[in-house]
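Below you'll find the structure, written out as structure tokens, and then a few comments.
The values are calculated or read from the model by the stated rules, or taken from the named source; none is laboratory data. The shown structure was predicted, so the numbers you read here are calculated from the model rather than taken from an experiment. A quick note on method: Cβ atoms are made from the backbone with ideal geometry, for glycine too, and the neighbour counts reach across all protein chains shown. When the accessible area is computed, the model is the full protein with side chains, heavy atoms only, and any ligands, DNA or RNA have been set aside. Shrake-Rupley method; radii C 1.70, N 1.55, O 1.52, S 1.80 Å.
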Amino acid sequence: MILQIIKSHTKFIVLLFVTLCATSVYAQKMEVKSFKLSERTISANIEGANKRIDQNGEVAALIKVQTTETGFAFEGGLLGIVDTKQDVGEIYVWVPRGAKRITIKHQKFGVLNYWYSTPIESGNTYEMLLSTPEVPNIADKSKTNSGQYLVLNIVPKNAEVVIDGKNIDVIAGSASVRLLPGRHYYEVKSVYHEPKSGYVDIVDKKMVLPISLTPQYGILHITSNPTGAEVYIDGDYQSAGKTPFDTRWLTAGSHTLQFKLPGHKPRTYSVDVIGDGSTKEFNAKLSSNQAFVNITAPDNAEIYVNNEYKGIGLWSGNLLAGIYEIEARKVSHRNSHIDISIDAGDDKDIKLPSPTPIYGGLDINTTPIDAQVLIDGNEIGSTPDVWQNILVGEHKLQIIKPGYKPMQRTIRIEENKVQTLEFTLTTGTDEYDPVPSQIAPPKKSISRGYQGYVETGTSLGASDIWIEATWAFYTSHGYMFNPYIYLGMGIGYEIGAVGSGGFCMLPIFVEFRSHFINPNKRRHVPFGGFRIGGSAVDYYTSGFYANLFFGYRFKPKNIYGAFNLSIGYQTHHVYGEETYSYYDDYRWHYEYFGWDGYAHAATLRIGYEF
């Protein structure tokens, strides 16, 4: 009876025995192949989906269990397990700091107790490679399988794929390879992304595996106030860009940003980049590192700042914070200077002392005596005499006496020395006028003070109220604030024709004029300006007057003043009336026409400044 029962259930008993043996083998072969601290420990500690807090309020450690199987249960002993999450090819297990072991349970593969080989620290990421035995296909052993395709759809599309140690080509974000049945190991990695790896079992069907790598980079949108600052990242000697701009991909973690902008203090900041692929805004506030200074030097002395020429008589501008030597220089004078410390934002008015003149002496005697002596065109006395206060350097000496030939030569005066000269004059025709005004006057340099202009020219009309060619005379007098800016008042006189009648215009105006280049440095200088005011006296032209002009200034050698040539646009109020008469039907007829508007004209002026 028992033998019959055993015979009738032989197949069932054999199948049950094989299954129990296979299960036993699975449990024996499930093991941890490796356990190590991940190279990218930041992933457990970032803001977002991968961050967990344990029962002690600390950031939990993350263990990435790499396996293709599912259905595992995890226990952590007394400290427990914080959380678990199934992902493609791996399982995320969060454990508290100080955990010593983990228990892994599976319905097919049994139970595995594993003691951590590396201390578990808060916020770190660890990688565990879990090996499980292959599941034999007991139902159908007679079926053969020559292999099947594994297709990986990858984000990002430029990731690198390695399967069983061999690189696989990735085209447009997809990689495909034909593999033999069994278990295969894959790795997917890309710059600035967290790599993924795991096992996949190939059977008799094509397998499609989507893999999306977690970004480990961030982008900074960097701005500054004021804009235009150069930004250097992590000590790089090359600028990453000029604000505002977006950075390249930056690795997750802390980075240093150094801002440099001329006239401002350099600033260095530390900023944390979250490795989730997002863009973070960062604004830097830069402080000025300069002050506005106004420097004046008496007697039209030249101004130098740290041995750099700045101007004559007056200079205004910005200086960086620091210590400066400011000098007033003048030929045949000892320089005056002051040392001054400039602090950021501390604007200053600086007045330099006068340069000290350096003198020598001159002793001149002539035969006959009583000859007129001129130095550089200025009369200083008559012979014989000794002059003690002659500026050192080269001078032009002239000896003049009526009825005698004048004498002229170049002399050099040295400090604290008296140069003795004797001349014998010969009778003859005067070649030089003894009047000092006929000798070349000194050159005029422009600084602060009075300035005057006179000019004449013409205006050519072009409007509905036609103005024919006119003649004009203008003069303006005012104040030169520096070599560039002039402001004054003036009056003009202009005569011409309007309609069929004549007119005269007497404008009174305020004038603004500006040199575009320092006229003390160049003989040829462009300028521009405007006049605005009103005209009176004449019936036709009473009312508003304005003139906009641009021109060219020319300073000849040995001439005190300078010449100006300008063109411009002029407008002024014009109104009046005309009577038109004609004879018809045995009597005279009269018609009246009036106008009220503005006349427009192009102007051409030539003038002289003094």
Taking every other residue with Cβ under 10 Å from the Cβ of residue 304 and scoring Lys and Arg +1, Asp and Glu -1, one gets -2
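Ranking request for peptides 173-182, 411-420: highest mean number of other beta-carbon atoms within 10 Å first, then the rest in descending order. Show your work: numbers first, answer last.
Working: 173-182: 15.3, 411-420: 13.1.
Order by mean packing, descending: 173-182, 411-420.
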Given the options 153, 184, 174, identify the residue whose Cα lies farthest towards the positive end of the charge dipole of region 141-190 (+1 on Cβ of Lys, Arg; -1 on Cβ of Asp, Glu).
184
Out of residues 5 or more away from residue 82 or on other chains, whose amide H comes under 5 Å of its own, with H placed 1.01 Å from N in the peptide plane?
94, 95
All other residues with a Cβ under 9 Å from the Cβ of residue 161 taken together, and with Lys, Arg as +1 and Asp, Glu as -1, what is their net charge?
-2
Over region 255-301, with the other protein chains present, what is the accessible area per residue in square angstrom, probe 1.4 angstrom?
51
In the structure displayed, which of 33/105; 36/100; 310/396; 64/280; 242/285 lie more than 21 Å apart, Cα to Cα?
310/396; 64/280
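Net charge around residue 229, counting only other residues with Cβ within less than 9 Å of its Cβ (Lys, Arg = +1; Asp, Glu = -1)?
Computed value for this residue: +2.
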